[in-house]
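The values are calculated or read from the model by the stated rules, or taken from the named source; none is laboratory data. Computed from a predicted model, the values in this text were never measured in an experiment. No Cβ is skipped: glycine too gets one built from the backbone with ideal geometry, and neighbour counts run over all protein chains shown. Heads up: the accessible areas ignore ligands, DNA and RNA and are worked out on the full protein's heavy atoms, side chains in. Shrake-Rupley method; radii C 1.70, N 1.55, O 1.52, S 1.80 Å.
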Amino acid sequence: MNKNSSNIMALAPNTSNKRETVCIFGTGDFGRALGHKMIQSGYPVVYGSRSTQISNLVPKDAEVLSHAEAAQKAAIIIIAIQRQHYNFLIPLAEILRGKVLVDISNNLKLNQYPESNAEYLAQLLPGSRVVKAFNTVSAWALQSGTLDASRQVFVCGDDMEAKQMVMNIVRALGLTPLDKGTLSAAQEIENYPLQLFPMWKFPIFLSLGLTVFFFFYCLALDVIYTYIYEKNNFSFFIAITIPNRVCPVMALILLALVYLPGIFAAIIQLYRGTKYRRFPDWLDKWMLCRKQLGLIALAFASLHVVFTLVTPMRAFVSWRTSKGIISQALNNKTEPLDKTNAWISDSYLALGILGFFLFVLLGITSLPSVSNNVNWREFRFVQSKLGYLALIFCTAHTLVYGGKWFLSPSAYKWYLPNIYMLSLVIPCAVLVVKFVLIFPCVDKPLTQIRQGWERNPKHSE
């Protein structure tokens, strides 16, 4: 009898695991999407709405009541309405007293109001426990289930118990809560969805500026100069030839700019004799966007590869090749193979292939899904050691290809150097200084400084 009783008890459902009812004020896109996701996760959902008529858009398993009736059924109420409509909550202050109000609203621009929406809600209803959450998740992501790009949910609030209750709901929905502290952090959380690639602004503007400069630089030397002095119309160079010169130059310069701030940081630490002082703001910002600079450089390198692969298909290249063949036939003379030129050609192609391979490896390692699966030493080896090796290969590739123009007077049109000469300035400077920094007499004190040693401890900040 006891055995059977224990089996029956084991098979009986555990009613203690039943989830608490959640109330949602607002039947807009996000309110409906969040309610549907909660119902799928086992939460009973009741909507508080001005109209108690059930709409086809509301999840069929949800209940729709007036705001006052819905609020009495749940301890957690999600406010899925805009800030300008918060005033209707004031008459419900007594019903909402002691309840957890989850503010999920966003604004139309950064710092639109003096205080955050959540803080404003807490001022209107001082007897309620306000928590900020869910504002960084889109309704589309909740409905479609594609939450990989927005799985993290920032949560903040002054009441620890209320905040923990909301974080439990976040976890139950398959999301990852991140505690951002007290309600004073709500302004920062509300600004997150309004920031458009915050870490990409400097790299993108820098890349656009340099691209425009080099494009017009090539346009002046390869098209305008040729048209004025040689009476040749090479305006079609704008489509492929000039982009295929700008892209490798941009890739090389941006890759060098990824490692240049590290050079500046080492020099500053050696000069100061300590690591316990902040770098200048411009250097801090530069170092924080090195990943973005590297990814943009990889994009330019990939475009260079594509442009190079389609070069044999161009009408200009076919015409030039046919012209050479006809010229040899008419002269009854075959040009011998220039083995020196063949070596140079194969060398810069091989260096370019190796450099691009390491470029791609650096880009793959930068992906969060990959970087999370390697330890710090492995990540640093790839990004630092192999990164510098990629810079060496790419610099050598450019040097072998365009080095012949340094001593050629015809390369200086309008007394301006060829674009490939300009592209070598920053990479060569980075590599030369890095070579000096790895000397034992320099590397040893630098390593000691980075391990905590100070030249003058009393002057550290």
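Based on Cβ point charges of +1 for Lys and Arg and -1 for Asp and Glu, what charge dipole magnitude is obtained for the chain about its Cα centre, in debye rounded to the nearest 20? Once rounded to the nearest 20, the dipole reads 920 debye.
Summarising the label geometry, the points placed 7 Å from Cα in the beta-carbon direction at residue 328 and residue 69 lie 9.2 nm from one another.
Highest mean packing comes first when the peptides 293-303, 439-449, 201-211, 353-363 are listed by Cβ atoms within 10 Å, giving 293-303, 353-363, 201-211, 439-449. Computed from the C-beta positions of residue 124 and residue 377 and an R0 of 51 Å, the FRET efficiency is 0.45 to the nearest 0.05.
The mean accessible area for residues of the chain, using a 1.4 Å probe and ignoring ligands and nucleic acids, is 58 Å² per residue.
Among 231, 404, 60, the order of accessible area from largest down is 60, 231, 404, computed with a 1.4 Å probe on protein heavy atoms. Placing +1 on the Cβ of every Lys and Arg and -1 on the Cβ of every Asp and Glu, with nothing else charged, gives the range 198-451 a dipole about its Cα centre of roughly 600 debye. For residue 401, the solvent-accessible surface with a 1.4 Å probe is about 80 Å², rounded to the nearest 10. When peptides 158-169, 313-324 are sorted by average Cβ neighbour count within 10 Å, with the highest value leading, the order is 158-169, 313-324. Long hydrophobic helices in the chain, taken as whole DSSP H segments with a C-alpha length of 27 Å or more on their own axis and mean Kyte-Doolittle hydropathy at least 1.0: 241-272, 290-309, 339-366. Quick one, which of [x] 72, 65, 48; [y] 104, 65, 62; [z] 106, 49, 33 is the actual Cα extents along the principal axes in Å calculated for this model? Matching the structure shown: [y]. I'd like the FRET efficiency for residue 238 and residue 370, computed as 1/(1 + (r/R0)^6) with the beta carbon distance as r and R0 of 35 Å, rounded to 0.05. The computed FRET efficiency comes out at 0.40.
Using the Cβ-Cβ distance between residue 454 and residue 284 with R0 set to 22 Å, the FRET efficiency from 1/(1 + (r/R0)^6) comes to roughly 0.60.
Projecting the Cα atoms of 322, 311, 286 onto the dipole axis of the range 281-331, where Lys and Arg carry +1 and Asp and Glu carry -1 at the beta carbon, places 322 farthest toward the positive end. Distance between the pseudo-spin-label points of residue 317 and residue 161 (7 Å out from Cα toward the beta carbon): 7.3 nm. Taking the DSSP bridge list for the chain and keeping only pairs wholly inside it, about 10 percent are antiparallel.
Amide H to amide H, with H built 1.01 Å from N, residue 178 comes under 5 Å of 153, 154, 155, counting only residues 5 or more places away or on other chains. Between residue 357 and residue 60, the contour length at 0.36 nm per residue exceeds the alpha carbon distance by 101.5 nm.
Annotation: amide H-H contacts under 5 Å for residue 131 (H modelled 1.01 Å from N, sequence separation of 5 or more, or interchain): 101, 102, 103. Applying the criteria of a DSSP loop state and at most 10 other Cβ atoms within 10 Å to the trypsin sites (Lys or Arg not before Pro) of the range 91-138 yields 109. Per-residue packing, averaged as other Cβ atoms within 10 Å, sorts the ranges 286-292, 381-387 into the order 286-292, 381-387, beginning with the highest.
Taking the accessible area of the chain, probe 1.4 Å, and keeping the other protein chains in place, the carbon and sulfur fraction comes to 62%. Projecting the Cα atoms of 365, 331, 302 onto the dipole axis of the range 262-380, where Lys and Arg carry +1 and Asp and Glu carry -1 at the beta carbon, places 365 farthest toward the positive end. Computed from point charges on the beta carbon alone (+1 for Lys and Arg, -1 for Asp and Glu), the dipole magnitude for the range 22-194 about its Cα centre is near 260 Debye.
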